[in-house]
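Q: Attaching a single structure in C-alpha cells format; questions to follow.
Any read-out appearing in this document is the output of simple, stated calculations on the displayed coordinates, not a laboratory observation. Just so it is clear, the model here is predicted, and its values are computed rather than measured. Here the Cβ positions follow ideal geometry from the backbone for every residue, glycine too, while neighbour counts run over all protein chains shown.
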Amino acid sequence: MKPTGTPTNILMVEDNRGDVVLMEEAIRAAGFDYRVTVVRDGVAALEYLRPQGPLTVALLPDLILLDLKLPRMSGREVLAELSADPALRDIPVAILSSSRSELELVRISGQLHCTSFAKPSTFAGCIKLLTAIDAFHQSTLRRPPGGTHETSPG
C-alpha cells in the first residue's frame with residue numbers, strides 16, 4: 001500500500017489526443033491527486049511496464065486507464081499480457097471505450113482487477129467517470145489480489 005498523501009500514478013493508454021486532454025483537464029478540475037503518464041499504443045504500454053536494460057527498474061502505476069481500440073496492439077491484447085505476467089496482473093485496470101459493444105465483448109480475466117467504462121462525450125461526463133474510476137481504484141486498495149470487479153458509472 002502506498003503512503004497517504006502521495007499522488008496516484010496512472011498510466012493512460014490512449015491514442016486520441018482529444019481524449020487525453022479532456023481527461024487531464026477533468027483531473028485538474030476535480031482536484032484528484034493523480035500523476036498521469038500517457039502512452040499512445042499497446043506496445044508502448046508494455047514497454048513502459050517492462051523496461052529493458054540492466055539498470056532499469058519499472059515504476060509500476062497504481063492504476064491503468066486502457067483504451068480498447070489502439071494501434072500496434074489492441075487493448076484486449078494488452079489485457080492478455082497483463083493477465084499472463086505475475087508482476088503486472090495486480091495493477092487495477094479501468095478499460096475505456098467509446099463503443100458499448102466493444103465493452104460488452106471484452107472478456108476480463110479473473111486474474112486482474114478490472115472494470116469497464118464508456119468514454120463520456122462531455123466534460124461533466126468526464127468528471128463523473130473519474131469519480132467512478134477513483135471509487136474503483138479505492139476498492140482495489142482494500143481487496144486481496146486476484147479478483148475481478150465490474151462497474152458502470154450509472
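Q: Among 5-16, 116-127, what's the highest-first ranking by average C-beta atoms within 10 angstrom per residue? Before the final figure, lay out the partial values.
A: Working: 5-16: 17.4, 116-127: 15.9.
In descending order of packing, they fall as 5-16, 116-127.
Q: What does the charge dipole of the stretch 8-141 about its Cα centre add up to, to the nearest 20 debye, if the Cβ of each Lys and Arg holds +1 and the Cβ of each Asp and Glu holds -1?
A: Numbers: 13 positive and 17 negative charges, 30 e Å.
With only Lys, Arg, Asp and Glu charged at Cβ, the dipole is about 140 debye.
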